[in-house]
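Worksheet: the structure to be examined is printed underneath.
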Amino acid sequence: MSESPPDSTPHSEVGVARQPSRLNIEDLSPSLSAGRYPVKRIVGALVEVSANIFKEGHEQLAARILYRPANERRWRQAPLFYEYNPDRWFGRFRADQLGRWQYTVEAWTDHFGTWRRDLNSRLEVGQNVSLELLEGALLLEQAARRLKGETAERILGAARQLADTQKSLDFRLAAAFSEDILHTVSAPLLEEEVTRYTPVHELVVDRERAGFAAWYELFPRSQSQRRSVHGTFADVIRRLPELAALGFDVVYLPPIHPIGHSHRKGKNNATVCEPGDVGSPWAIGSELGGHTAIHPELGTLEDFRHLVRTAGDLGLEIALDYALQFSPDHPWTKEHPEWFFIRPDGSIRHAENPPKKYEDIVPPNLWCSERKALWNACKDVFEFWIEQGVRTFRVDNPHTKPFPFWEWIIREVQRDHPDVIFLSEAFTRPIRMRALAKLGFTQSYSYFTWKNHKRELREYLTELTTTEMSEYYRPNFFTNTPDILHEYLQRGGRPAFRIRLLLAATLSPVYGIYSGFELCENQPRHPGSEEYLDSEKYEIRTRNWDAPGNIKHDIARLNRIRRENPALHSFSNLTFLETNNHEVLAYRKVSPGNQLMVVVNLDPHRRHDAHLHLPLSELGLSEDEAFDVEDLLSGERYRWRGATNFVRLDPSERVGHLFRLAHPR
């Protein structure tokens, strides 16, 4: 919608009565739910803005973008330009700092521009323009009244030149058609004629790692190389150089807090634990502390700070799990029982999804009567770990907590720490996943793990990259998680792991693997289950990270290719290419000077041949022109000609190609 602005200064927006709008402003873009939620960009991005702006009659209009960081009072401005065919106005501004921004557009009748256009039309047919020149002089005098100093004098001089009937027509017309004069008086002549679009829209600007990063998930307690010996932060530090060499950016740790004793889970999620069972890290809290404490077998708080510093020195970032789940032994259950669900017998209700029961966890009641204190306590947990150097949080099961809580806490944290990244781990129904992304989560888990066939991959990626979701939903394409070992990996063996790695790393700028993926671990708890056998959610796992058959070379090579090719740093630049084989998926990613084409055999068991059809005109190539492509995965170069070219992919040797056009135009 649009309204008249309250006064002559764009930054003043309150305390005035509404007036009828002089013109119409509609369909501001980008926009989510009519401005209810912010769109997202990475710092330094150009924000493309457009709107329909129109009024009655034939007068020319002028328009501009108003934009500012939310903590600034005065608006910045950028011009909007009119395109006749779509009958729409377009402009852009650069979001050059982190945090929340505001933007809108405003427009007005361009009286002087209209007068000059009509004057030119009259002159072309030889009409007498004496009165028109006097009218132009009055417009300039009116414009000069809102200007100051030398600029006002210059415009008044032009007005006198237009009105001077003693001078030649050419002399007077020189003032009429001066581009300098036109530019100077392009602002509205009468401020009450300016119409501004409301509501003001918001934009969240995140740091680069929010939009481009490779994640690696590991359990610190499994990092010792001595069998059944609890790992420490020092053991994690010993692994960091290898993870940095593999090209990862973020090392994500599941909860590192003390684990409760009550109803502790045993191996393979057994309801009764045996002596020595370490329990689930998500059953947070014991007599040793809660969400701001560290499991003593991992080390001390200073050991954790040392881990964060060491990671930073290697170009890595430590991400922590933020799970609002509580062991019955958590200090808060004793100090603040009113923060939990109390049953008629006075006991605290444990978590359940009937008929399933999770006796080792009690959920908080975030709508309790003391919710203000509870919400602030939850915020303090974020603040504590931010003080220790953490800037990225993976949030566990946010869809099971109130959405207004997340919107509040994310806004509160990012107000003081705009560089903090929140990853939503919500494997739930689509509308809920999208809502969490809209209300503030920086990144989101996705359905990628379950999309393994050509048609479903194309449909899902098309939705993510070409619909409104591209404005706010940043998917993190994890290939696997401690909870998800897909049947495709269970049955496809090593080729399946290489295929999914190639897809995740090239389809999305943000992707991740859970440790063990590089070793192609694929044993389910039982047939039909996505749970790992001997899951390290419930026990310590010791691995040989150089075991035969590992795919660490693939990981290092892909992460290096990702860093070296800007086309893989974006998400919405994806377009699919046609092949004549339903098991061969092909797509293209492009940035200036960097054209990539990826071809993947989705069948981990059999060789497939296909003809790849290329959009030559989009590649800047003619129909009969020969051109070179380099396979960045193998280093081989091929000479191609024409729109159709042949590929052969045997998953036992080569699961895909990652072609780069050798000399893009």
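The values are calculated or read from the model by the stated rules, or taken from the named source; none is laboratory data. Remember, predicted model here, so these are calculated numbers, not experimental data. Backbone-built Cβ (ideal geometry, glycine too); neighbour counts: all protein chains shown. All accessible areas refer to the heavy atoms of the entire protein, side chains included, with ligands and DNA or RNA removed. Shrake-Rupley method; radii C 1.70, N 1.55, O 1.52, S 1.80 Å.
What are the residue pairs meeting all of these: first residue in the stretch 625-650, first residue on the phi > 0 side of the Ramachandran plot, second residue small (Gly, Ala, Ser), Cβ atoms under 9 Å, and 6 or more apart or on different chains? So the pair list comes out as Gly642/Ala626. Taking the conditions (1) open to solvent by less than 20 Å² (accessible area, probe 1.4 Å); (2) closer than 20 Å to Leu502 by Cα in turn, Leu616 satisfies each one other than (2). Any idea which residue in the stretch 296-318 is nearest to Pro482 (Cα to Cα), counting only those that are assigned to a loop (DSSP other than H, G, I, E, B) and open to solvent by 30 Å² or more (accessible area, probe 1.4 Å)? Among those that are assigned to a loop (DSSP other than H, G, I, E, B) and open to solvent by 30 Å² or more (accessible area, probe 1.4 Å), it is Glu297.
Being more than 19 Å from the chain's Cα centre (by Cα) and crowded, with 17+ Cβ neighbours inside 10 Å is true for just one of Trp406, Trp385, Trp450. Which residue is that? Quick ask: steps written out before the conclusion?
Values: Trp406 fails: more than 19 Å from the chain's Cα centre (by Cα); Trp450 fails: crowded, with 17+ Cβ neighbours inside 10 Å.
None of the other options fit; the residue is Trp385.
With respect to Asp277, is the statement that it is touching a residue at least 60 places away in the same chain (Cβ under 8 Å), closer than 28 Å to Arg227 by Cβ, of a type in the set (Asp, Glu) and open to solvent by less than 40 Å² (accessible area, probe 1.4 Å) true?
Working: touching a residue at least 60 places away in the same chain (Cβ under 8 Å): yes; closer than 28 Å to Arg227 by Cβ: yes; of a type in the set (Asp, Glu): yes; open to solvent by less than 40 Å² (accessible area, probe 1.4 Å): yes.
In short, yes.
Output the residue which, of all residues in the stretch 69-87 that are touching a residue at least 40 places away in the same chain (Cβ under 8 Å) and out of contact with any Pro (no Cβ under 8 Å at 6 or more places or on another chain), is most open to solvent (accessible area, probe 1.4 Å). Don't jump to the end; show me each part of the working.
Taking the stretch 69-87 first, the residues touching a residue at least 40 places away in the same chain (Cβ under 8 Å) are 70, 73-75, 77.
Of the ones still in play, those that are also out of contact with any Pro (no Cβ under 8 Å at 6 or more places or on another chain) are 70, 73.
On the way: Ala70: 48, Arg73: 160 Å².
Result: Arg73.
Determine, yes or no, whether Ser186 is touching a Phe, Trp or Tyr at 6+ places or on another chain (Cβ under 9 Å), at pLDDT below 95, of a type in the set (Ser, Thr, Tyr) and assigned to a loop (DSSP other than H, G, I, E, B).
Details: touching a Phe, Trp or Tyr at 6+ places or on another chain (Cβ under 9 Å): yes; at pLDDT below 95: yes; of a type in the set (Ser, Thr, Tyr): yes; assigned to a loop (DSSP other than H, G, I, E, B): yes.
Yes.
Right, Glu242: surrounded by fewer than 22 Cβ atoms within 10 Å (Cβ to Cβ), among the acidic types (Asp, Glu) and more than 35 Å from the chain's Cα centre (by Cα) or not? No: the conditions fail for Glu242. Checking each residue in the stretch 362-376 for being closer than 12 Å to Trp408 by Cβ and open to solvent by 10 Å² or more (accessible area, probe 1.4 Å) picks out Arg371, Lys372, Trp375, Asn376. Scanning the stretch 117-144 for residues that are touching a residue at least 40 places away in the same chain (Cβ under 8 Å), open to solvent by 20 Å² or more (accessible area, probe 1.4 Å) and either of a type in the set (Gly, Ala, Ser) or within 17 Å of Gly157 (Cβ to Cβ) (or both) yields Leu139, Gln142. Of the residues making up the stretch 577-613, those that are among the charged types (D, E, K, R) and either in contact (Cβ under 8 Å) with a residue 40 or more places away in the chain or surrounded by fewer than 16 Cβ atoms within 10 Å (Cβ to Cβ) (or both) are Glu578, Glu583, Lys589, Asp603, Arg606, Arg607, Asp609.
Regarding the stretch 47-65, can at least one residue be identified that is charged (D, E, K, R) and crowded, with 20+ Cβ neighbours inside 10 Å? Spell out the reasoning first.
Step one: filter the stretch 47-65 for residues charged (D, E, K, R), giving 48, 55-56, 59, 64.
Narrowing further to those that are crowded, with 20+ Cβ neighbours inside 10 Å: 64.
Yes, that holds for at least one residue.
Within the stretch 40-57, residues that are within 21 Å of Gln443 (Cβ to Cβ) have Cβ atoms under 6 Å from residues that are open to solvent by 40 Å² or more (accessible area, probe 1.4 Å) and of a type in the set (A, V, I, L, M) in these pairs: Val43/Leu98, counting only partners at least 6 apart in sequence or on another chain. Residue by residue through the stretch 319-362, note down the ones that are free of Cβ contacts under 8 Å to residues at least 40 places away in the same chain, part of a helix (DSSP H, G or I) and touching a helix residue (DSSP H, G or I) at 6+ places or on another chain (Cβ under 8 Å). The one that is free of Cβ contacts under 8 Å to residues at least 40 places away in the same chain, part of a helix (DSSP H, G or I) and touching a helix residue (DSSP H, G or I) at 6+ places or on another chain (Cβ under 8 Å): Trp339.
Let's see how each residue does on (1) farther than 24 Å from Thr462 by Cα; (2) touching a helix residue (DSSP H, G or I) at 6+ places or on another chain (Cβ under 6 Å):
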residue: Asn594; (1), (2): no, yes
residue: Asn601; (1), (2): no, no
residue: Pro615; (1), (2): no, no
residue: Glu625; (1), (2): yes, no
residue: Glu636; (1), (2): yes, no
residue: Phe646; (1), (2): yes, no
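Would you mind finding the one in Ile513, Ile540 that is within 23 Å of Asn268 (Cα to Cα), open to solvent by 20 Å² or more (accessible area, probe 1.4 Å) and not basic (Lys, Arg)?
Working: Ile513 fails: open to solvent by 20 Å² or more (accessible area, probe 1.4 Å).
Matching residue, one of Ile513, Ile540: Ile540.
Under the condition of being of a type in the set (A, V, I, L, M, F, W, C) and touching a Gly at 6+ places or on another chain (Cβ under 9 Å), which residue from the stretch 192-217 is most open to solvent (accessible area, probe 1.4 Å)? I'd like the intermediate steps shown before the answer.
Going residue by residue through the stretch 192-217, those that are of a type in the set (A, V, I, L, M, F, W, C) are 194, 200, 203-205, 210, 212-215.
Adding the requirement that they be touching a Gly at 6+ places or on another chain (Cβ under 9 Å) leaves 200, 204-205, 213-215.
Details: Val200: 39, Val204: 15, Val205: 1, Ala213: 0, Ala214: 1, Trp215: 3 Å².
Among those residues, the one meeting the criterion is Val200.
Can you work out which of the residues in the stretch 191-206 that are part of a strand (DSSP E or B) and in contact with an Asp or Glu (Cβ under 9 Å, 6 or more places away or on another chain) is farthest from Arg543 (Cα to Cα)? It comes out as Thr195.
Evaluated against (1) part of a strand (DSSP E or B); (2) open to solvent by 40 Å² or more (accessible area, probe 1.4 Å), Arg415 falls short on exactly one condition, (1).
Can you go through Arg227, Arg209, Arg154, Arg172 and tell me which one is in a loop (DSSP other than H, G, I, E, B) and either touching a residue at least 60 places away in the same chain (Cβ under 8 Å) or more than 30 Å from Ile421 (Cα to Cα) (or both)? Please lay out each step first, then the result.
Details: Arg209 fails: in a loop (DSSP other than H, G, I, E, B); Arg154 fails: in a loop (DSSP other than H, G, I, E, B); Arg172 fails: in a loop (DSSP other than H, G, I, E, B).
Result of the check over Arg227, Arg209, Arg154, Arg172: Arg227.
Consider the stretch 185-235 and keep the residues that are touching a strand residue (DSSP E or B) at 6+ places or on another chain (Cβ under 7 Å) and polar (S, T, N, Q). The one that is nearest to Asp277 (Cα to Cα) is Thr198.
Looking at the structure I just gave you, is Lys379 free of Cβ contacts under 8 Å to residues at least 40 places away in the same chain, of a type in the set (Lys, Arg), closer than 28 Å to Asp303 by Cβ and surrounded by fewer than 20 Cβ atoms within 10 Å (Cβ to Cβ)?
Details: free of Cβ contacts under 8 Å to residues at least 40 places away in the same chain: yes; of a type in the set (Lys, Arg): yes; closer than 28 Å to Asp303 by Cβ: yes; surrounded by fewer than 20 Cβ atoms within 10 Å (Cβ to Cβ): yes.
Answer is yes for this residue.
Yes or no: Asp546 over 23 Å from the mean Cα position of the chain (by Cα), of a type outside the set (Phe, Trp, Tyr) and in a helix (DSSP H, G or I)? Steps first, please.
Working: over 23 Å from the mean Cα position of the chain (by Cα): yes; of a type outside the set (Phe, Trp, Tyr): yes; in a helix (DSSP H, G or I): no.
Judged against the criteria, Asp546 is not a match.
On the stretch given as the stretch 522-537, residues that are open to solvent by less than 40 Å² (accessible area, probe 1.4 Å) and either free of Cβ contacts under 8 Å to residues at least 12 places away in the same chain or polar (S, T, N, Q) (or both) total 3.
crowded, with 21+ Cβ neighbours inside 10 Å and more than 28 Å from Ile513 (Cβ to Cβ): does that describe Ile421? Before you say what the answer is, go through the steps one by one.
Values: crowded, with 21+ Cβ neighbours inside 10 Å: yes; more than 28 Å from Ile513 (Cβ to Cβ): no.
So Ile421 fails the test.
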